[in-house]
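Reading through the structure tokens given below for one structure.
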Amino acid sequence: MLMHLPFVHHNTIGRGGHTLVDGPVMRWVSENQMHIYVHNRVDDGSAMGYVLTYVGLLIVVIQGGGIGWLTKRFRDKQLIFGGSILLAISLVGWALTPTLWVLLLVLVPLALAGGVLGVVTNSALTKSVYPEEVGGTLGLAAALGSVTRVLSPIVGGVLFDRVSPAAPGLLGALVMAWLISYTWRRVLFVSDLVCPPERVA
């Protein structure tokens, strides 16, 4: 068993000496003897800062140039299908990642898939409704996105705490697996998404 426990200081957790306790790690060495290992270290917050900077750079690169390159070479429905597969695989990798360095590698396809799906889905929606309905459709999509951003941390936190640290990622992968199946049956092999003809007054 491994726990990371912050020393509680007079101001708040994490203030003062910023000391973390890694442990305890328990190991039985005989029937009546057990070793317990504890390691104290200073937490300066730099690791999290590096990760957030890395994620920000990924978003800039992907949304600034990567998505445009992809949309010029593939159709919306192909990108939705491919992005769904990539996101499902990335979520499994994120759930099972053993180290920070592996996580940094997994974040690349995860950010790519999320960025592609976000942009291409809106593009597909605008092509599937009448011009006067575009604003309402995108507004509804944005509202649903906001709801998921509120519910996802709650559900993920419960799963992380009550089930397993890998549970949020695996549940996300299952949801994406359903979406892959739906896209295969209802999107990938149907006619290209185009705007409906103009309504006749």
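Descriptive notes on the structure:
- Only residues that are farther than 21 Å from Gly157 by Cβ and exposed (fewer than 14 other Cβ atoms within 10 Å of the Cβ) were counted in the range 89-104, giving 4.
- Residue tally, condition hydroxyl-bearing (Ser, Thr, Tyr), modelled with pLDDT of 85 or more and over 21 Å from the mean Cα position of the chain (by Cα), over the range 127-162: 1
- Answer from Ser181, Ser164 - the residue that is among the polar types (S, T, N, Q) and either within 24 Å of Val120 (Cα to Cα) or not in a loop (DSSP other than H, G, I, E, B) (or both): Ser181
- Selected residue [of a type in the set (Val, Ile, Thr), under 21 Å from Pro165 (Cβ atoms) and modelled with pLDDT under 85] from Val55, Val60: Val55
- Residues of the range 93-152 satisfying the condition of being over 26 Å from Phe74 (Cα atoms), outside any helix (DSSP H, G or I) and not hydroxyl-bearing (Ser, Thr, Tyr): Pro98
- Which listed residue, of Arg41, Arg27, Arg73, is among the basic types (Lys, Arg) and modelled with pLDDT of 75 or more: Arg73
- Of all residue pairs spaced 6 or more apart or on separate chains, those with beta-carbon atoms under 7 Å, a first member in the range 59-81 that is assigned by TED's automatic domain parsing to the domain that holds Leu110 and a second member that is exposed (fewer than 15 other Cβ atoms within 10 Å of the Cβ) and among the acidic types (Asp, Glu) are Arg75/Asp192.
- Here the condition is being surrounded by 15 or more Cβ atoms within 10 Å (Cβ to Cβ) and either modelled with pLDDT under 85 or outside the structural domain of Lys77 (by TED's automatic domain parsing) (or both); of Val200, Val120, Val194, Val187, it holds for Val187 alone.
The values are calculated or read from the model by the stated rules, or taken from the named source; none is laboratory data. Keep in mind the model is a prediction, meaning the values are calculated, not measured. Note: ideal-geometry Cβ built from the backbone for every residue, glycine included; neighbour counts use all protein chains shown.
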